[in-house]
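This report refers to the structure that appears directly beneath it.
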Amino acid sequence: MAKTTIKQLRKKEQPLVMITAYDALFAKLFDKEADMILVGDSLHMSFYGADDTVSATMEQMIYHTKAVCNGASESYIVCDMPFGSYKNPETALDNAMRVYKETKADAVKIEGNKPKVIKKLTQNGVAVVGHIGLLPQNARSEGGYSVKGRDEEQKKRIIKDAKAVEKAGAVLLVIEGVKADVAAAVTQSVDIPVIGIGAGKETDGQVLVWSDMLGFFEGFTPKFVKQYMDGASKVRKAVAHYAQDVRDKEFPQSEHTY
Ligand code: KIV
């Protein structure tokens with residue numbers, strides 16, 4: 001199949017599918033099923049073992065985005081901009097240019113209502129995916145993760161954020177950790193596709209973090225994650241089997257020997 005372009009990622013009857021990936025191996029496995037692959041800075045937690053995403057760097061994001069681009073040939077690829085890399089429009093442009101020049105990513109993702117940053121990038125030819133609602137890069141300053149849009153005032157603010165991000169030129173919007181009615185209202189309020197995570201079923205698509213949905217990340221499992229596989233226990237069992245085989249001299253056998 002041909003490469004998915006932004007023109008194909010429209011609001012449609014059938015929801016759009018986004019999944020995160022951090023390397024070529026898994027990107028290749030996900031490529032046929034997903035419309036979009038997000039190289040999320042969540043990799044800093046699940047791959048690197050950090051407590052939050054705040055200390056992720058441009059170098060990490062570029063390295064992992066290159067790897068994902070090596071593995072996926074069809075999906076639309078989005079690179080997450082790490083905390084501090086878009087603190088003003090000029091810094092954002094320098095860093096987003098690096099993403100475009102050093103990787104084959106189709107777009108960068110920016111957390112929050114940052115119209116000046118989004119405008120600067122789009123005016124300079126970089127496609128931007130917005131991210132509103134619960135912003136993981138604020139977890140340290142807010143002292144954790146909490147569902148947003150719990151009252152009318154927050155709901156209005158989130159809808160306002162969505163409209164501002166769209167007006168600034170974003171091509172897609174991720175909405176995270178909000179009440180389902182808020183995500184539904186946002187989806188109705190903007191023309192760009194809205195991809196939800198922990199945001200109910202009324203959005204234009206869904207995204208999940210691969211290591212959560214495949215059961216590899218055991219730190220914690222948010223309520224919104226559906227686990228499609230028990231990855232961690234499958235891997236543990238397989239590695240224990242291998243270790244036992246080596247200790248028992250059951251491996252290697254003649255078929256594994258030159
Ligand atoms: O970093 C990430 O994986 C994300 C998703 C939670 C949307 O931003």
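What FRET efficiency comes out for the pair Met1/Val225, r = Cβ-Cβ distance, R0 = 22 Å, nearest 0.05?
The calculated FRET efficiency here is 0.20.
Treat each spin label as a single point 7 Å out from the Cα along the C-beta direction, and report the Phe251 to Asp181 distance in nm.
5.4
Could you give the size of the charge dipole of the stretch 177-257 about its Cα centre, using +1 on the Cβ of each K and R and -1 on the Cβ of each D and E, expressed in debye and rounded to the nearest 20?
Charge dipole, the stretch 177-257, about its Cα centre: 260 debye, nearest 20.
Provide the per-residue ³J(HN,Hα) series for the stretch 207-220, in order, calculated from phi with Karplus coefficients 6.51, -1.76, 1.60 and θ = phi - 60°, each as a whole number of Hz, with x at glycine and proline positions.
10, 9, 7, 4, 6, 6, 6, 9, x, 8, 8, 9, x, 7
Distance from the Cα centre of the stretch 127-175 to that of the stretch 13-32, in angstrom?
When both Cα centres are located, 23 Å separates them.
In debye, nearest 20: dipole of the stretch 82-166 around its Cα centre with unit charges on the Cβ of K, R (+) and D, E (-)?
The dipole of the stretch 82-166 has a size of about 100 debye.
Please turn the phi angles of the stretch 110-115 into ³J(HN,Hα) values with the Karplus equation 6.51 cos²θ - 1.76 cosθ + 1.60 (θ = phi - 60°), one per residue in order, whole Hz, x for glycine and proline.
Going residue by residue, I get 10, 7, x, 8, 10, x Hz, with x marking Gly and Pro.
By what distance, in whole Å, do the Cα atoms of the stretch 120-258 stretch along each of the three principal axes, largest value first?
That works out to 66, 36, 29 Å along the principal axes.
Charges at C-beta only: +1 for Lys and Arg, -1 for Asp and Glu. How large is the resulting dipole of the chain about its Cα centre, in Debye rounded to 20?
So the magnitude is around 740 debye.
Taking the Cα atoms of the stretch 1-69, report the difference between the largest and smallest coordinate on each principal axis, in whole Å and largest first.
Principal axes ranked by extent give 38, 21, 18 Å for the Cα atoms.
I want to check the label-to-label distance for Ser141 and Asp23. Put each point 7 Å from Cα in the C-beta direction and report it in nm to one decimal.
In this crude label model, Ser141 to Asp23 measures out at 3.3 nm.
Over all distinct Cα pairs, what is the inverse of the mean 1/r for the stretch 77-193, reported as the Kirkwood hydrodynamic radius in Å?
Value: 14.4 Å, from the Cα pair sum.
What are the ³J(HN,Hα) couplings of the stretch 95-100, residue after residue, when phi is run through the Karplus curve with 6.51, -1.76, 1.60 and θ = phi - 60°? Round to Hz, x for glycine and proline.
6, 5, 4, 4, 4, 5
Note the per residue figure in Å³ for the convex hull of the C-alpha positions in the stretch 151-211.
77
Projected onto the charge dipole of the chain (+1 at Lys/Arg Cβ, -1 at Asp/Glu Cβ, origin at the Cα centre), which of Gly133, Gln227, Cys79 gives the Cα projection farthest towards the positive end?
Gly133
Using the beta-carbon distance between Glu90 and Thr57 and R0 = 22 Å, what value does 1/(1 + (r/R0)^6) give for FRET efficiency, to the nearest 0.05?
Once the sixth-power term is evaluated, E becomes 0.75.
Which whole-percent values make up P(r) of the chain when all C-alpha to C-alpha distances are grouped in 10 Å steps starting at zero?
Per 10 Å bin, starting at zero, the Cα-Cα P(r) for the chain comes out as 7, 29, 36, 17, 6, 4, 1 percent.
What would the Debye equation give as log₁₀ I(q)/I(0) for the stretch 1-138 at q = 0.10, 0.11, 0.13 Å⁻¹, counting only Cα atoms as equal point scatterers?
Each listed q maps to, in turn, -0.30, -0.36, -0.51.
None of the figures in this text is laboratory data; all of them are computed from the coordinates on show. Treat the numbers as computed from the prediction; the structure is a model and nothing was measured. Counting neighbours? That spans all protein chains shown, and the Cβs are built from the backbone with ideal geometry, glycine included.
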